[in-house]
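Worksheet: one structure, shown below.
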Amino acid sequence: MHNIFGNPFRPVTFSPSWRTPTAVALAAQMYESRDFSAMPILADALQDAGCDATDVLNHCRGPGVHVRGCWVADLVLDKQ
C-alpha cells in the first residue's frame, strides 16, 4: 500500500527543482511501460538534482513491487 500512497504519517515535501528532464523522462518511461525496474536509477537522478528526502530515495532503492500509481513517480510527473 505504501508503494502507491506513501506514508500518510510522514508526508514528503517534493521540490519542483527535482523534476529535471532526466527524472521526468525516467518516470514517464516507467509509467508508460509499466516496467519500474529503473527506480534505483530514478533515485540517482533525483539525488543528482538535489533531492535529499530519504523517504523518496529509500522508496526508489528499496525492495518491493512498484506499480503505476507509485507515489514517487506521481510526484516526479506532477500527477495530483
Directionally averaged shadow of segment 37-76, computed from the convex hull of its alpha-carbon atoms, nm²: 2.5
Between beta-carbons, use under 15 Å as the cut-off and find the net charge around Ala45, counting Lys and Arg +1, Asp and Glu -1. -1
Might you report the magnitude of the Cβ-based charge dipole of the chain about its Cα centre, with Lys and Arg at +1 and Asp and Glu at -1, to the nearest 20 debye? 180
Along each of the three principal axes of the Cα atoms of the chain, give the extent in whole Å, ordering the values from largest to smallest. 29, 26, 24
Helix-only mean residue ellipticity at 222 nm for the chain, each DSSP H run of n ≥ 4 adding -39500 (n - 2.57), per residue, nearest 500: -14000 deg cm²/dmol
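Each reported figure results from applying straightforward, stated rules to the coordinates on display, with no laboratory input. A quick note: this is a predicted structure, and the numbers were derived from the prediction, not measured. Note that we place each Cβ from the backbone using ideal geometry, even for glycine, and neighbour counts take in every protein chain shown.
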